[in-house]
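Inspection log for the structure reproduced underneath, given as structure tokens.
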Amino acid sequence: MGQFSGVFVDATPEGGWPSPTVFRGSKTKGYVMRKFLLALTVVLSAAVFAVPAAFADSPHFISGSSSIDSSGNLLCSFKEVGLGTISATSVTCSANATATYACINGGGNHPKAANKATVSGPVTGGGNFPVRNGQTTGTTTASPPGPGSFSCPSGQRLVLASVSYTNVTLHGEGPDLALNDQSITLVNV
């Protein structure tokens, strides 16, 4: 005859606690092993599904770059991942900007060296971007600081001569990302 393996509980007629009786053999061994493997599978499956969820809620930028367009605007392009199941996210780009404005006459010249102004200040641009599969990409635009009260005399037009951006930083759901400083000269004055 085959041997039994496992624990069998005897019922006691006196109403006391049941006493375990151990059997050795192959019939109960298979049953216990199947239960153990089922429990192990459930635990491992839960771990496999929990790990991606932990990474999905760890937002961070995997790329970012800065540049200046032909109008002197700061452009910050990015890819942010680990956003989980949200449908949209806000991303902004900030910098310290210095802009020089000048007056240009009808002939396209800058008539006086003193006829220009330099202004500085913080600038920010951003927006809301759709999230798909836990990630988003986009470009934000920040305009240079305005000329303030500087104006040109009659017959001349106000132009942005140059602009520089320092401490360029992307801000999103996760840690900030520092980008390269940028500068451009649009009109020689």
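None of the figures in this text is laboratory data; all of them are computed from the coordinates on show. These numbers were taken from a predicted model, which means no experiment stands behind them. When we count neighbours, we look across all protein chains shown, and the Cβ atoms used for this are built from the backbone with ideal geometry, even at glycine.
Some points to look at:
- Karplus-based coupling profile of the stretch 151-157, in residue order and whole Hz: 9, 9, x, 4, x, 10, 10, with θ = phi - 60° in 6.51 cos²θ - 1.76 cosθ + 1.60 and x standing for Gly or Pro.
- In this rough spin-label picture, where each label sits 7 Å from Cα along the Cβ direction, the THR85-THR141 distance is 3.6 nm.
- 11 Å reach of a label modelled at THR166, 7 Å along Cα-to-Cβ, counting backbone N of the stretch 73-115: 96-98
- Whole-Hz ³J(HN,Hα) from phi, Karplus 6.51 cos²θ - 1.76 cosθ + 1.60, for the stretch 115-131, glycine and proline x: 8, 8, 9, 10, 10, 9, x, x, 10, 9, x, x, x, 9, 10, x, 10
- The stretch 62-107 and the stretch 161-189: distance between their alpha carbon centers, rounded to Å: 7
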